[in-house]
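What follows is calculated from the coordinates using simple rules that are stated; it is not laboratory data. Computed from a predicted model, the values in this text were never measured in an experiment. Neighbour counts are summed over all protein chains in view; Cβ atoms, including those assigned to glycine, are modelled from backbone coordinates with ideal geometry.
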Amino acid sequence: MAVSEEGAVVVQFQDNGAGIPESKLAKLGEPFYSTKDKGTGLGLMVSYKIIENHQGNIQFQSEEGQGTTVIITIPMSE
């Protein structure tokens with residue numbers, strides 16, 4: 001966790017897994033989109049909404065075979 005120059009809290013998660021193909025990256029957060037057999041596709045969508053409601057954003061950076069980084073940025077309130 002860090003604080004950006006703009007005064008936002010930045011949390012970053014990184015793994016070294018299989019990565020996410022570009023075709024799937026574009027769909028992350030869409031309602032009812034899931035890569036799981038029994039997934040509803042609502043969990044990440046709700047997470048996006050919570051972060052947006054706090055004027056923040058979430059970004060995914062991924063390369064197949066190299067892993068994925070998730071960056072969540074939320075402004076600090078005064």
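Once the Cα atoms are used to define both axes, helix 43-53 deviates from the longest principal axis of the chain by about 20 degrees.
Within the listed set SER62, SER34, SER23, the residue fluctuating most in the Gaussian network model of the chain (springs between alpha-carbon atoms under 10 angstrom) is SER23.
Rounded, prolate or oblate: which fits the chain when a ≥ b ≥ c are the square roots of the eigenvalues of the alpha-carbon gyration tensor, with rounded for a/c under 1.5 and prolate only if a/b beats b/c? Verdict is oblate for the chain. Each of MET1, PRO75, TYR48 was placed along the dipole of the chain (beta-carbon charges, centred on the mean Cα), and the one lying farthest toward the positive end is TYR48.
Relative contact order, whole percent, for the chain stands at 41, derived from Cα pairs under 8 Å and 6 or more residues apart.
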